[in-house]
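The values are calculated or read from the model by the stated rules, or taken from the named source; none is laboratory data. These numbers come from a predicted model, not from an experiment. When we count neighbours, we look across all protein chains shown, and the Cβ atoms used for this are built from the backbone with ideal geometry, even at glycine. Heavy atoms of the whole protein, side chains included, go into the accessibility calculation; ligands, DNA and RNA do not. Shrake-Rupley method; radii C 1.70, N 1.55, O 1.52, S 1.80 Å.
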Amino acid sequence: MPLSQSHHKAASIDQLRRRYILLFASYISSLTLLLMGFYHLFSADLSLQLLLFGAALALLLISIWFHRSQQLQLACTLVALFALFFVLLLVWHGGSQNTALYWVFPVPLIMFGLLGAKAGIILNLLMFSGLMFLLFGPELQQARYTTAEVPRFLASFATVLAVGWINEHFRERSHHSMSVLQHSKEQQANTDVLTNLANRRFLEEVLPEHTKQQPELFFPMAVVMTDIDHFKHINDSFGHDQGDLVLQQAALLFRQKLRTQDICCRYGGEEFLLLLPKTGLQDALRVADKIRATIAQQRLLPEHPDLVITGSFGVAEATAAEDIQAAIKRADQQLYLSKASGRNQVH
């Protein structure tokens with residue numbers, strides 16, 4: 001099956017979105033906390049000053065660590081956990097004139113953006129439970145909130161949680177559906193309809209990018225060009241539908257005989273191209289000869305059991321992504337040599 005880039009693109013876009021949310025949550029929040037800290041710098045509330053400046057410093061340190069490590073998932077988790085504990089501390093303290101509850105509302109949306117629907121709702125529910133404990137449990141907190149504002153705050157906060165989760169859940173579903181649709185379109189564009197193998201477009205547009213990005217997974221790579229001997233005679237004698245069946249049976253045989261990491265393409269007409277990653281020339285010659293022998297032994301047209309169909313093979317080796325097209329040409333030349341030598345051969 002052709003390699004697809006759609007899932008990689010979708011993952012990259014989602015990582016970019018989370019990165020922006022992370023940087024926003026880190027820099028904008030730390031700047032806000034610093035400004036609030038300086039605003040209360042000369043107040044008598046030392047604990048509030050420590051809370052604001054300490055939180056700003058923690059966010060900046062996480063940001064610096066992220067820029068050096070580029071570990072996005074861990075950085076998002078650290079910021080979300082930090083937001084959880086900061087909210088609980090702020091509500092415990094009360095903030096300036098007991099306004100802490102107002103600053104809680106943006107946090108659930110940030111958590112969903114950083115962690116996604118599943119992990120986000122878990123952490124948000126933990127925060128909601130902690131808030132319930134502080135506001136209705138033993139009087140441990142320093143702040144004193146009125147009996148009128150606490151239930152209203154919790155009801156509003158629960159609404160924000162529900163809306164945030166619904167939005168993130170269906171955003172993820174939509175994102176996944178678009179990714180699957182794009183993957184399906186790419187497969188159709190890169191797949192030969194008759195044989196369900198990769199086509200020339202895959203070879204020319206998709207494969208080069210993959211081999212350049214991860215050459216250690218591909219090279220040295222054997223390139224095997226093969227086609228069905230006397231295929232025109234099969235079409236003329238038995239009809240094009242039987243010729244199509246031969247191509248389909250040959251494609252099925254190639255998939256059965258090759259490894260999972262190998263790539264089989266319909267190159268054009270009755271020609272096929274087999275790409276064998278991490279395979280040298282001598283090993284490829286042995287593989288090609290085994291496939292050649294299997295084709296000769298099989299009866300690719302069940303309705304004509306006496307008809308022996310054979311294939312000719314040409315083998316070359318590519319050592320880098322820039323060498324693939326030249327290797328295909330060399331394999332094609334070797335294929336013509338096999339045909340000129342009597343067909344049903346490997347060169």
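Counting only protein heavy atoms and using a 1.4 Å probe, what share of the accessible area of segment 227-278 belongs to carbon plus sulfur, as a whole percent? Present the calculation step by step, with values, prior to reporting the outcome.
Working: 1140 of 2420 Å².
Looking at segment 227-278 in its full context, I get 47 percent from C and S.
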(message) What are the extents of the Cα atoms of the chain along their three principal axes, in Å, largest first?
(response) 98, 39, 26
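What is the projected area of the convex hull of the Cα atoms of segment 30-78, averaged over all directions, in nm²? Provide the component values of the computation, followed by the final result.
Numbers: hull surface 13.7 nm².
Here the figure is 3.4 nm², rounded to one decimal.
Could you give the accessible area per residue of the chain, probe 1.4 Å, as a whole number in Å²? Mind showing how you got there, number by number?
Details: 18430 Å² over 347 residues.
Using a 1.4 Å probe on heavy atoms only, each residue of the chain averages 53 Å².
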(request) Please give, to one decimal in nm, the separation of the simple spin-label points placed at His304 and Arg171, each 7 Å out from Cα toward the Cβ. (result) 6.1
(request) Note down the magnitude of the dipole of segment 189-347 about its Cα centre, charges +1 on Lys and Arg C-beta and -1 on Asp and Glu C-beta and zero elsewhere, to the nearest 20 debye. (result) 360
(request) Express in Å², to the nearest 10, the accessible area of Ser237 obtained by rolling a 1.4 Å probe over the protein heavy atoms while all chains stay in place. (result) 60
(request) Just report the Cα centroid separation between segment 67-107 and segment 30-63, whole Å. (result) 12
(request) For segment 5-145, with all protein chains present and a 1.4 Å probe, just round the carbon and sulfur fraction of the accessible area to a whole percent. (result) 73
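Which value, to two decimals, describes the C-alpha radius of gyration of segment 48-143 once divided by 2.2 N^0.38 Å? Provide the component values of the computation, followed by the final result.
Values: Rg = 14.0 Å, N = 96, 2.2 N^0.38 = 12.5 Å.
Dividing the Cα radius of gyration by 2.2 N^0.38 Å gives 1.12.
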(request) Using only protein heavy atoms and a 1.4 Å probe, report how much of Arg19 is accessible, in Å² to the nearest 10. (result) 70
(request) Rounded to the nearest 0.05, what FRET efficiency do Glu216 and Glu322 give with R0 = 22 Å and r taken as the Cβ-Cβ distance? Could you check? (result) 0.90
(request) Apply 1/(1 + (r/R0)^6) to the Cβ-Cβ distance of Leu35 and Leu61, taking R0 = 22 Å, and write down the FRET efficiency to the nearest 0.05. (result) 0.75
(request) Would you calculate the separation in nanometres between label points at Asp289 and Leu74, each defined as 7 Å from the Cα along the Cα-to-beta-carbon direction? (result) 5.2
(request) Any chance you could run the full-extension gain for Lys339 through Phe136? It's 0.36 nm times the residue separation minus the Cα-Cα distance, nm to one decimal. (result) 64.4 nm
(request) Provide the net charge surrounding Leu207, with neighbours chosen by a C-beta distance below 11 Å and charges set as Lys +1, Arg +1, Asp -1, Glu -1. (result) 0
(message) If the reach is capped at under 15 angstrom between alpha carbons, list the aspartates and glutamates near Lys212, excluding any in the same chain fewer than eight residues apart.
(response) Glu204, Glu322, Asp323
(request) Take the alpha-carbon centre of segment 188-213, take the same for segment 242-257, and report the distance between them in whole Å. (result) 18
(message) Helix 29-39 against the longest principal axis of the chain: what's the angle in degrees, Cα atoms only, rounded to the nearest 10?
(response) 20
